[in-house]
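Please read the structure below before turning to the comments.
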Amino acid sequence: MNGAESIIEAFKRHKIETVFGYPGGCIMPLYDALVTARDNDSHHALQHVLCRHEQGCALAADGYARSSGKIGVCLATSGPGATNLITGVANAFADSTPMLVITGQVPVGLIGTDAFQETDILGMTLGIVKHSYLISDVDELPDIMEQAIKLAQSGRPGPVWIDIPKDVLLARVSPDASTPAEHSANAISQHTNTISAWRNHIDQARQMLASATKPLIYTGGGVPLSNAESTLRAFIETTQIPCVETLKGLGNSGRSYPHNLGMLGMHGSKAANLAIQECDLLISAGARFDDRATGKVSTFAPNAKIIQIECDPAEISKLKACDVALQGDLADILPALSMPLTIAEWQHACSTSKQTHGFCRPANNGEASQSEAINGPDFIAMLSRLTHANSIISCDVGQHQMWVAQNYQFDHPRHHLSSGGLGTMGFGLPAAIGAQFAMPDHTIINVSGDGSFMMNAQELATIKRHRLPIKIIILDNQCLGMVRQQQELFYKERYSEIDLSDNPDFLKMAEAFEIPSHSINQASQVQRAIEMLFAYDGPMLLHVNINPHDNVWPIVKPGSANSDMLDETNHSNQSEESAA
């Protein structure tokens with residue numbers, strides 16, 4: 001085999017069946033190997049998806065991984081191909097998405113000479129990957145492929161980048177190097193050490209839980225990353241403990257758990273944020289105390305002792321000191337912590353708060369007046385009622401993202417794809433493409449804003465080519481809504497560069513890619529339009545005109561305590577300016 005063919009062999013060993021990429025000069029030997037593999041091996045159906053921009057490749061691989069739990073793979077050439085991947089890889093790193101990134105590089109002898117399409121991609125990406133490799137010897141490649149695939153998925157997942165010079169891809173692998181070494185022993189040893197470490201503290205944690213009168217569990221994206229959804233649900237079923245969820249943790253407790261107070265934080269429910277303020281024990285399960293969740297961290301959970309369950313030692317007490325750290329796997333730790341609790345008074349208080357301060361929107365059942373404008377949160381609430389519980393929502397970034405988080409009822413965290421840590425506009429459409437390839441039997445819905453949609457609209461061509469039955473919803477307020485809201489509230493209405501009133505005709509855009517479309521602008525049209533969207537057997541775009549002055553409520557001013565939430569009734573223009 002040559003180096004490129006050894007990469008294909010690694011894909012076979014690890015049952016990697018879908019990769020997203022864009023060809024070019026230095027990665028061309030790998031694309032040649034893809035053709036050869038397709039012609040010669042009918043048993044391994046490796047599918048390459050040509051996206052129309054390398055950022056789309058990385059974000060599609062991200063959506064593939066998030067929705068399925070498998071590793072996402074993306075390919076690109078050297079220079080601009082590699083640099084165009086960076087935002088998507090940074091997005092995966094911020095949200096701990098397992099990803100393998102393979103790029104071509106100029107031949108070994110040309111590295112450092114400013115050759116055509118040469119960039120120091122290793123140096124440029126050190127801060128956004130779990131690990132990176134620059135291959136100089138083809139005999140290293142089989143072993144490094146094995147390391148990289150396992151590393152991306154082990155512990156706290158994340159992207160691993162392999163940069164391979166063109167001549168290495170073409171060089172022949174020696175027979176002795178063609179079989180990779182086994183790397184599982186160290187991982188098993190580390191897992192064993194982790195188990196013994198958390199067991200030393202479990203009795204103390206159990207005592208704290210048993211004596212608490214106002215316990216609360218705070219769950220995040222670590223739950224699906226560790227495949228601990230069923231374990232968490234068994235834990236809360238036994239304890240009946242109230243819970244709050246981060247943006248990436250939405251769906252952890254399922255649709256039906258009565259003590260779920262919803263999302264906490266900057267745009268979280270007042271019920272969730274009040275529970276954080278009042279609890280006397282906070283159990284953090286797969287959450288990292290992100291600033292968007294905690295607000296001013298010194299005021300977060302001020303009356304609570306904290307038990308932090310976390311696989312990554314770097315996150316323990318990083319932002320908020322914990323009283324007991326349980327380092328290890330959620331699936332192992334939660335059953336050991338589980339016990340029935342007598343907390344009826346606290347449960348009642350949280351339920352009452354949820355009814356008063358939760359995200360509960362009444363159904364209008366399509367009976368709104370003919371002249372009533374479409375309200376973004378009401379639209380999302382209707383969408384939630386009309387979609388199947390197994391539908392997957394792929395969000396972009398902005399006001400619509402928060403309306404989905406607040407008003408869509410998720411039954412599983414892998415049904416909600418959203419850029420959390422990086423906040424990447426343009427994430428939603430390519431991520432939906434990745435999810436459709438990963439989960440072909442699920443309904444995939446991209447909810448976007450007019451600003452975000454234009455970031456990666458070229459991926460409509462990918463949908464057209466593969467006739468992917470993705471449902472695209474554009475909430476169009478003809479502005480950068482979240483930026484406009486911040487400027488309204490915190491910059492004395494000094495609006496700067498948020499006007500998108502010259503948007504293209506989105507229906508004509510869809511038509512150019514042979515995607516049927518429909519536009520609505522009245523609340524009375526919402527239910528029928530959503531039903532029509534799902535009745536169509538194929539891709540379809542629904543353009544939804546909404547009021548440009550609608551805001552996301554509640555909101556915590558950046559740098560403030562979560563208890564100081566602004567809503568429609570108590571907000572006023574803030575005299576002090578602050579950055580988002």
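If you filter segment 241-268 down to residues that are more than 20 Å from the chain's Cα centre (by Cα) and hydroxyl-bearing (Ser, Thr, Tyr), you find that the one that is modelled with the lowest pLDDT is Ser256. Within segment 1-49, the set of residues being among the β-branched types (Val, Ile, Thr) and more than 31 Å from the chain's Cα centre (by Cα) comprises Val35, Thr36. The single residue among Pro539, Pro554 that is surrounded by 13 or more Cβ atoms within 10 Å (Cβ to Cβ) and over 27 Å from Gly358 (Cα atoms) turns out to be Pro539.
When the residues of segment 283-320 are filtered to those that are hydroxyl-bearing (Ser, Thr, Tyr) and buried (at least 19 other Cβ atoms within 10 Å of the Cβ), the one that is farthest from Gln240 (Cα to Cα) is Thr294.
Please go through segment 431-451 and pick out each residue that is in a helix (DSSP H, G or I) and in contact (Cβ under 8 Å) with a residue 60 or more places away in the chain.
In the first step, residues of segment 431-451 are kept if they are in a helix (DSSP H, G or I); the result is 431-438, 450-451.
Ala431, Ala432, Ile433, Gly434, Ala435, Phe437, Ala438, listed by residue number.
Which ranges mark the helices (runs of 4 or more DSSP H) fully within segment 1-70 that have 2 or more residues being touching a Gly at 6+ places or on another chain (Cβ under 7 Å) and among the β-branched types (Val, Ile, Thr)? Those helices (runs of 4 or more DSSP H) do not exist here; none qualify. Do you know which residues across segment 11-68 are surrounded by fewer than 22 Cβ atoms within 10 Å (Cβ to Cβ) and charged (D, E, K, R)? Listed by number, the residues that qualify are Lys12, Arg13, Lys15, Glu17, Asp32, Arg38, Asp39, Asp41, Arg52. Among residues of segment 127-184 being surrounded by 18 or more Cβ atoms within 10 Å (Cβ to Cβ), modelled with pLDDT of 95 or more and small (Gly, Ala, Ser), the one that is nearest to Ala90 (Cα to Cα) is Gly158.
Of the residues Ala389, Ala344, Ala325, the single one that is under 20 Å from Lys214 (Cα atoms) and touching a residue at least 12 places away in the same chain (Cβ under 8 Å) is Ala325. Exactly one residue out of Leu507, Leu475 is closer than 21 Å to Leu383 by Cα, touching a Ser or Thr at 6+ places or on another chain (Cβ under 9 Å) and surrounded by 24 or more Cβ atoms within 10 Å (Cβ to Cβ), and it is Leu475. Within segment 487-500, residues that are hydroxyl-bearing (Ser, Thr, Tyr) sit with their Cβ atoms under 6 Å from residues that are assigned to a loop (DSSP other than H, G, I, E, B), at 6+ positions apart or across chains, in these pairs: Tyr491/Glu577. Criterion first (within 26 Å of the chain's Cα centre (by Cα) and modelled with pLDDT under 95) does Gly366 satisfy it? Judged against the criteria, Gly366 is not a match. With respect to the conditions (1) out of contact with any Lys or Arg (no Cβ under 8 Å at 6 or more places or on another chain); (2) surrounded by fewer than 24 Cβ atoms within 10 Å (Cβ to Cβ); (3) modelled with pLDDT of 95 or more, Met402 falls short on a single one, namely (2). Remark: pairs (first residue in segment 219-244, within 11 Å of Leu334 (Cα to Cα) and free of Cβ contacts under 8 Å to residues at least 24 places away in the same chain; second residue crowded, with 21+ Cβ neighbours inside 10 Å and small (Gly, Ala, Ser); Cβ separation under 9 Å; 6+ apart in sequence or on different chains) = Ile236/Ser253. Could you check how many residues of segment 88-132 are under 20 Å from the mean Cα position of the chain (by Cα), assigned to a strand (DSSP E or B) and of a type in the set (Gly, Ala, Ser)? So the count comes out to 0. Before we move on, is Glu345 surrounded by 19 or more Cβ atoms within 10 Å (Cβ to Cβ) and closer than 19 Å to Cys279 by Cβ? No; evaluated as a whole, the condition is false for this residue. Across segment 479-533, what is the number of residues that are charged (D, E, K, R), more than 21 Å from Gly398 (Cα to Cα) and in contact with a helix residue (DSSP H, G or I) (Cβ under 7 Å, 6 or more places away or on another chain)? The number of residues fulfilling the criteria is 2. Restricting attention to segment 312-362, the residues that are within 20 Å of Pro258 (Cα to Cα), in a loop (DSSP other than H, G, I, E, B) and β-branched (Val, Ile, Thr) add up to 2.
Taking segment 452-545 and the helices (runs of 4 or more DSSP H) fully enclosed by it, the elements with 1 or more residues that are of a type in the set (Val, Ile, Thr) are at 460-466, 481-490, 526-535.
Looking at segment 133-148, which of its residues are in contact with a strand residue (DSSP E or B) (Cβ under 6 Å, 6 or more places away or on another chain) and in a helix (DSSP H, G or I)? Ile144, Ala148, listed by residue number.
Of all residues in segment 538-554, those that are assigned by TED's automatic domain parsing to the domain that holds Ser501 have Cβ atoms under 6 Å from Cβ atoms of residues that are of a type in the set (Lys, Arg) and assigned to a strand (DSSP E or B), 6 or more apart or on another chain, in Met540/Lys471.
Please go through segment 274-297 and give me each residue that is basic (Lys, Arg) and under 19 Å from Ala325 (Cβ atoms), ordered by number.
Filtering segment 274-297 down to residues basic (Lys, Arg) leaves 288, 292, 296.
Residue satisfying the conditions is Arg288 alone.
The values are calculated or read from the model by the stated rules, or taken from the named source; none is laboratory data. The structure presented is a predicted model; accordingly, all values stated were derived computationally and were not measured. Here Cβ is always computed from backbone atoms with ideal geometry, including for glycine, and neighbour counts include all displayed protein chains.
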